[in-house]
Amino acid sequence: MAAEEGKVYVGNVDVAARRARDILLGKLKLEDAVDWATSFSLWPVHLTTSCCSTEFAATFGPRFDGEQFGSLPWVSPRQTNLIVIEGTVTRKMACAVRITWEQMPSPKFAIAMGACALDGGLFYNSYNVVRPWEVIPIDIYIPGCPPRPESVARAIVELQRKIRRKHLAGEWVRTGWRPDREPVKPKEDVCSWWRG
Amino acid sequence: MAADKLSTARQRAEEALKSIGVSYSVEEGANFVEFIVDVARLKDAALALKNAGFGTVVSVTATDYPKKNTIKVVYHVTSMIDDEVKGAIIGVGVYLPRIDKPSMPSLTGVWLSAEFMEREVFEFFGVEFEGHPDLKPLLLIPPLAEKRPLRKDFVVREENIYEGVPFSNVG
Amino acid sequence: MSGDIRFYGAFKDELGLKTIPSRRIAKDTYEIFIGPQHPGSGHMRIIIKVDGDVIVEAEPDIGYVHRTMEKLGEIRGWIKPIPLFERMAIHDACNITLPYVRAVEKLMGVEAPERAKYLRVLLCEINRIAAHLYGFAIFGIFLGHSTMYMWAMGDREVWIELAQELTGARLTHSYPVPGGVRRDIHDEYPDMVRRAIRYMRKRLEDYRKLFLDNPVIKSRLEGVGVISKKQVVELGIVGPNARGSGVAYDVRLADPYEVYDQLDFEIPVFEEGDALARTYVRVEEIKQSMNILEQVVDWLEKHKGEPIIHESVSSKYGPVHKKVLQEQRRAKLLPLHATMKVPAGRAIGRGETARGEVIYYVESDGGLNPYRVRIVTPSARNAIAFKYALPGHKVMDLPAIYGSLDYFPPESDR
């Protein structure tokens, strides 16, 4: 029986229990525990910037099942720690992206999805398009126009690895800073046009 | 079938325009026809067309002709309920001088469906619609709308794809 | 404010329209900004003014996904705008690019061979079903009905898979090109389509039980967001939203393109004009699209081996391209397409996408680039509905109305 082997539907209970014991007995540092916990609760915020959102929606649909990575799109930026830039960011949207990013609690991460988020893609010379990496710091880039849902799932797994290998969340708990990068500040005020 | 409808629609529109004594010139496209009228009589012509059954604006199409030094604004209209002309597109339009802020009467009072499209023409071409209830940019942020992006003298560079575009460089 | 008359957008002027009183109620109203980051993931903002929890004024603030299609369409030749325009409605790619291709064909004076026309209709209807299912999924999210999201997204994959089998891409097909289509179907394809149709008919029955006949959903949609027939005509609302209000306007009937005049199908029309009627229209349209698909694959099976691209293109093929066309049934684009010139003239291309009528006004001066491409997409025309349909409703009704209009911002902002 599955239960006898310590396996229930969510994974191996024995391994999980051993890990919990290690944490409690102090064998695992608190920072590592934070890394481990953060990497399996990457909740992206509901901010769709462009048309890659159709593939993002498909990623969390039943066929590709993004929730198996512990990731669930959530409505409020205050309760999320991941932002997925889904495609082009226009000048008007850049303001919204920055505001949403600043609302999210640290440690927080960003995935840029699609060719437009890399370097403009098809709209490389459009007068209304900005590069998301000039607005917020990006951790993982996904190429493709649009990327397939598999690549989005892969990006989430890569981000989990990155967090645990580089201790991004744990370092933040210890020092208050992300160890790998300086915080990105937009060169110009992206919201300068707003109401004035 | 579509050609029959277009000729019916054209006939009906011409009758409507003649009945109020508006002089017009006809410009034909591949599958539509446009009536160019004087700016002063545009509102009368629009009302006559609306009474003739063309109740919905499908597009407010503006085109910039720097060589002729004009901006052409055409209201492409159709009927959504009248079976005789349903599906035929006719246009009523004007030629405006190509100056910084050309002005023409707003037809939002005649066709409500033109409300947002006139705002679009305003931001992309700088055409000011007199009597529009809420004339402000629709899609663009205000500093960008000042540059009138769809005019032909706003040039978008086709550059090498390996060359980055600076953030602050607009056009 | 005692003694002052309050109008919640409910009084009517001589046109029978709701007029928005922006001056009358100024004192005790609140302004609420909804979006562009909100649970429904729409890339737009609606600024509403509320009195209590009744919306008195709504102002759609769109343009968050304005990617300058009209300007870029003027500098990229005649072929490259096809993948560009496709990004407006990425899950409805064939429907949204076909009118542009047809406008270019009209200017060039070529007409696609009949088999190509049927193949275009095939992909158009597959796209239409997928787009409606996507709309249901997002509608489910809006209403907090996650099961509908899961079901519709899962069943959409069936149609995505069919489109992928035909074109090689999940969403961005770039399938119709001036003169024909890029690929032909393989022998097992008609059976795949029939299997998908059989499956979907069964699933629609489940949807009815779970979603449409669900008393909670019904009470949230019935009588909410009513748009009258007169308003539809006056505001220029198109697509299922117009047909949910009793306006039988569909470009496939009003101005038939491709082979729609040879196919047997109906245009579902509902008279109520509320959110529920708009939802029913979409369900019925999925059924009609499946009827069309059955007729199309029957025709395609009977007429195997007919040309899929106009001979003005295929006659210029070299031996390698000819071999690919004959053996793999793939029509390759030639280098001369990149420097293609189109005779001077003006044409309007129009078609019915899943969300309504799309119009391309294409003007050529005989050069390498279009002189002007004006695009009016269905969502761009439906955006005005927010301004005139929301006032008078409670804030809680906003997600239901928003979702039922099936508004897709990238398409609207162009």
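Every number in this text was worked out from the coordinates using simple rules, so none of it is lab data. All of these numbers come straight from a predicted model, not from anything done at the bench. Every residue, glycine as well, gets a Cβ built from its backbone with ideal geometry; the counts of neighbours run over all protein chains shown.
With unit charges on the beta carbon (Lys/Arg positive, Asp/Glu negative), name the residue among C:V226, C:T279, C:I309 whose Cα is farthest towards the positive pole of the charge dipole of chain C.
My answer, from the dipole projection, is C:I309.
How would chain C be classified by its alpha-carbon gyration tensor: rounded, prolate or oblate, with rounded meaning a/c under 1.5 and the a/b versus b/c comparison settling the rest?
Details: a/c = 2.37, a/b = 1.62, b/c = 1.46.
In terms of gyration-tensor shape, prolate.
Taking the Cα centre as origin and putting +1 on Lys and Arg beta-carbons and -1 on Asp and Glu beta-carbons, what dipole magnitude results for chain C, to the nearest 20 debye?
Values: 58 positive and 56 negative charges, 190 e Å.
It works out to roughly 920 debye.
Over the Cα atoms of region C:269-414, each weighted equally, I'd like the Debye log10 I(q)/I(0) at q = 0.14 Å⁻¹, rounded to two decimals.
The computed values of log10 I(q)/I(0) come out as -0.98.
How big is the charge dipole of region B:1-142 about its Cα centre, in debye rounded to the nearest 20, if each Lys and Arg gets +1 on its Cβ and each Asp and Glu gets -1 on its Cβ? Write down the numbers at each step before the final one.
Numbers: 15 positive and 20 negative charges, 46 e Å.
Once rounded to the nearest 20, the dipole reads 220 debye.
Take the residue pairs A:K187/C:K80; B:K68/B:K101; B:K86/C:K202; C:K117/C:K287 and return only those whose Cα atoms are more than 26 Å apart. Let's see the in-between values first.
Working: A:K187/C:K80 33 Å; B:K68/B:K101 17 Å; B:K86/C:K202 36 Å; C:K117/C:K287 21 Å.
With Cα atoms farther than 26 Å apart: A:K187/C:K80; B:K86/C:K202.
Using alpha carbon coordinates only, what is the Rg to Rh ratio of the protein assembly as shown, with Rh defined as the Kirkwood radius?
Working: Rg = 26.8 Å, Rh = 27.5 Å.
Value, to two decimals: 0.97.
If the convex hull of the alpha-carbon atoms of region A:7-175 is projected onto planes in all directions, what is the mean projected area in square nanometres? Spell out each step's value before the answer.
Working: hull surface 41.5 nm².
Across all orientations, region A:7-175 yields a mean hull projection of 10.4 nm².
Among DSSP bridges having both ends in region A:35-168, what percentage is antiparallel? Round to the nearest 5.
Numbers: 2 of 12 bridges.
Antiparallel bridges make up about 15 percent of those DSSP assigns within region A:35-168.
Taking the alpha-carbon set of region B:21-171, what are its Rg and Dmax in Å?
Cα-based Rg and Dmax for region B:21-171 come out at 17.2, 59 Å.
Once both axes come from the Cα atoms, what is the angle between helix B:2-19 and the longest principal axis of chain B, in degrees from 0 to 90, rounded to 10?
80 degrees
Mind giving me the FRET efficiency for A:I99 and C:K394? R0 is 41 Å, r the Cβ-Cβ distance, nearest 0.05 is fine. Display every interim value, and only then the final one.
Details: r = 27 Å, r/R0 = 0.66.
Efficiency for this residue pair is about 0.90.
Mind pulling the angle between the C-alpha long axis of helix B:115-125 and the longest principal axis of chain B? Nearest 10 degrees, somewhere in 0 to 90.
Rounded to the nearest ten degrees, it is 50.
Longer than 24 Å from Cα to Cα, which of A:K29/A:K162; C:K106/C:K332; B:K43/B:K147; C:K229/C:K387 are they? Say none if no pair is. Provide the component values of the computation, followed by the final result.
Working: A:K29/A:K162 18 Å; C:K106/C:K332 21 Å; B:K43/B:K147 28 Å; C:K229/C:K387 16 Å.
The answer is B:K43/B:K147.
If each of C:N291 and A:I23 carries a label point 7 Å out from its Cα toward its Cβ, how far apart are those two points in nm?
According to this spin-label approximation, the distance is 5.9 nm.
Kirkwood hydrodynamic radius of region C:155-307 from all distinct Cα pairs, in Å?
Values: mean 1/r = 0.0567 Å⁻¹.
One decimal place: 17.6 Å for the Kirkwood radius.
Ranking B:D83, C:D413 by Cβ neighbours within 10 Å, fewest first, what do you get?
Values: B:D83 10, C:D413 29.
So the ranking, lowest neighbour count to highest, is B:D83, C:D413.
For C:K218, which aspartates and glutamates qualify as cross-link partners when the Cα separation must be under 15 Å and same-chain residues fewer than eight apart are set aside?
Within reach: C:E272, C:D274, C:D397.
Using unit Cβ charges (K, R positive; D, E negative) and no other charged atoms, how large, in debye to the nearest 20, is the dipole of region A:7-175 about its Cα centre?
Working: 21 positive and 16 negative charges, 72 e Å.
With only Lys, Arg, Asp and Glu charged at Cβ, the dipole is about 340 debye.
Using Cβ counts within 10 Å as a stand-in for footprinting exposure, how do C:W151, C:W78 rank, fewest first?
Values: C:W151 22, C:W78 25.
Ascending number of Cβ neighbours within 10 Å: C:W151, C:W78.
Please report the orientation-averaged projected area of region B:2-103, defined via the convex hull of its C-alpha atoms, in nm².
Projected area, direction-averaged: 6.3 nm².
What cysteines in chain A have no other cysteine with a beta carbon less than 4.7 Å from their beta carbon?
For chain A, the answer is A:C51, A:C52, A:C116, A:C145, because their Cβ atoms have no other cysteine Cβ under 4.7 Å.
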